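The values are calculated or read from the model by the stated rules, or taken from the named source; none is laboratory data. The model shown is predicted, which means the values in this text are computed figures rather than measured ones. No Cβ is skipped: glycine too gets one built from the backbone with ideal geometry, and neighbour counts run over all protein chains shown.
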Amino acid sequence: MPVTLERSVLEDELAVALARAVAAANDQARREGVDLKQSLVTAAESGEGGNMCWRVSYGPREFIGRRGGDLIIEVGISDAQIRRILHGQ
């Protein structure tokens, strides 16, 4: 059942920044050939001072017994711009 978000939720700066970063990272991940529905997606803050970014990782949902192959995309917290793309081995 759809839920209408309250204004206070939509004004939550952290939530909006994370949503923008994940949207930008998802767009890049698709261009890199990642099947988003088959990926386990995680996000974490990374960096220091003015170099803060979201580190969005895409790995296989079935990861037991598998090594490497993850895609990590770093996205600027303040501007939602892709900073770095890392391919796991």
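Kindly provide the set of residues from region 1-25 that are in a helix (DSSP H, G or I) and free of Cβ contacts under 8 Å to residues at least 12 places away in the same chain, ordered by number.
Arg7, Ser8, Val9, Leu10, Glu13, Leu14, Ala15, Val16, Ala19
Quick check on region 26-47: of everything there that is in a strand (DSSP E or B) and among the polar types (S, T, N, Q), which residue is nearest to Arg84 (Cα to Cα)?
Ser46
Given the criterion of a type in the set (Gly, Ala, Ser) and within 14 Å of the chain's Cα centre (by Cα), identify the matching residue among Ser8, Ser57.
Ser57
Scan region 48-69 for residues that are at pLDDT 75 or above and under 20 Å from His87 (Cβ atoms) and jot them down.
Cys53, Trp54, Arg55, Val56, Ser57, Tyr58, Gly59, Pro60, Arg61
Out of Gly50, Gly69, which single residue is in a helix (DSSP H, G or I) and either in contact with a strand residue (DSSP E or B) (Cβ under 8 Å, 6 or more places away or on another chain) or among the small types (Gly, Ala, Ser) (or both)?
So the residue among Gly50, Gly69 that is in a helix (DSSP H, G or I) and either in contact with a strand residue (DSSP E or B) (Cβ under 8 Å, 6 or more places away or on another chain) or among the small types (Gly, Ala, Ser) (or both) is Gly50.
Which condition number does Gly49 fail, the rest of (1) at positive phi; (2) touching a residue at least 40 places away in the same chain (Cβ under 8 Å) being met?
It fails just one condition, (2).
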